[in-house]
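Participant: Before I ask anything, let me first share the structure, which is written out below as structure tokens.
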Amino acid sequence: MTPYQSSLQDALDTFESLRALEEPLSQAAKVVLDCLVSGGKLLFCGNGGSAADAAHMATEFTCRFNGDRRPYPAIALTVDGGLMTAIGNDYSFHDVFSRQVHAYGKPGDVLIALTTSGKSRNVLFAIEEARRRGLRTITLLGKGGGFTAGASEIELIVPGTVTARIQEAQKFLLHALCEQVEVDLPKE
């Protein structure tokens, strides 16, 4: 089997395993829809590729995904380099997301956290802060969930151990979440 064939088979197997996540994805869509319809906002966080996916998803809600509709508030906690480096320097890199959740989050908002390994302390601290502050929590995980498994109200754990396949599956799940939510969002 060539490397391409192996990667393709891994991707197909990973995507096939996502069938088991239909129910938690539907629960996540309801939580997000309820939040946005009631005037709340979404906060996204993650590291590396997950940081880029967090920014991408905040854009999908604030701009639009498929159809034309009004913007909804979504903030990627990953995009302000000055703020993140100040928190990392003055406090700890473990606090770069939790301090922002403390600053921006309010009861009824939703934190959507991404970590392919489930071993990102700053993501775990953000989830814990969100729960203390009354936010709803949704986490997309991989590799069995790591030490973050069990921290969030709703978890979508992508089976597998290959980071690239987990990231691809998480992006699909986030797009599927957008599709489910956007159908019922008020256009005006």
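Participant: Please compute the Kirkwood hydrodynamic radius of segment 24-97 from all pairs of different C-alpha atoms, in Å with one decimal.
Facilitator: After inverting the mean inverse Cα-Cα distance, the result is 13.5 Å.
Participant: Now for a different question. Can you list residues whose amide H is under 5 Å from LEU156's amide H, if they're 5+ apart or on another chain and H is modeled 1.01 Å from N?
Facilitator: THR139, LEU140, LEU141
Participant: Please list the three semi-axes, largest first and in whole Å, of the ellipsoid equivalent to segment 118-174, using sqrt of 5 times the eigenvalues of its alpha carbon gyration tensor.
Facilitator: The three semi-axes for segment 118-174 are 21, 12, 8 Å.
Participant: Additional query: 5 Å is the cut-off here: which amide hydrogens, built 1.01 Å from N in the peptide plane, fall below it relative to GLY118, excluding neighbours closer than 5 in sequence?
Facilitator: Amide H to amide H, under 5 Å and 5 or more residues apart or across chains, GLY118 pairs with GLY142.
Participant: What are the ³J(HN,Hα) couplings of segment 57-65, residue after residue, when phi is run through the Karplus curve with 6.51, -1.76, 1.60 and θ = phi - 60°? Round to Hz, x for glycine and proline.
Facilitator: Result, ordered by residue: 6, 4, 5, 4, 7, 6, 8, 5, 10 Hz.
Participant: Got a sec? Which residues in segment 64-92 would a label at TYR104 touch, if it sits 7 Å along Cα→Cβ and we count backbone N under 12 Å?
Facilitator: Zone members listed by number: 73-81, 83-84.
Participant: Let me ask another. I need the phi-derived Karplus couplings for segment 176-183: 6.51 cos²θ - 1.76 cosθ + 1.60, θ = phi - 60°, integer Hz, Gly and Pro marked x.
Facilitator: 3J(HN,Hα) across segment 176-183, in whole Hz: 5, 4, 4, 4, 5, 6, 4, 4.
Participant: Which one of ALA86, ALA176, ALA54 has the biggest mean-square fluctuation once the chain is modelled by GNM with Cα springs under 10 Å?
Facilitator: ALA86
Read-outs: derived from the displayed coordinates by stated rules, not from any lab. Everything numeric here is computed off the predicted structure, so don't read it as measured data. Ideal geometry is used to build each Cβ from the backbone, glycine not excepted, and the neighbour counts take in all protein chains shown.
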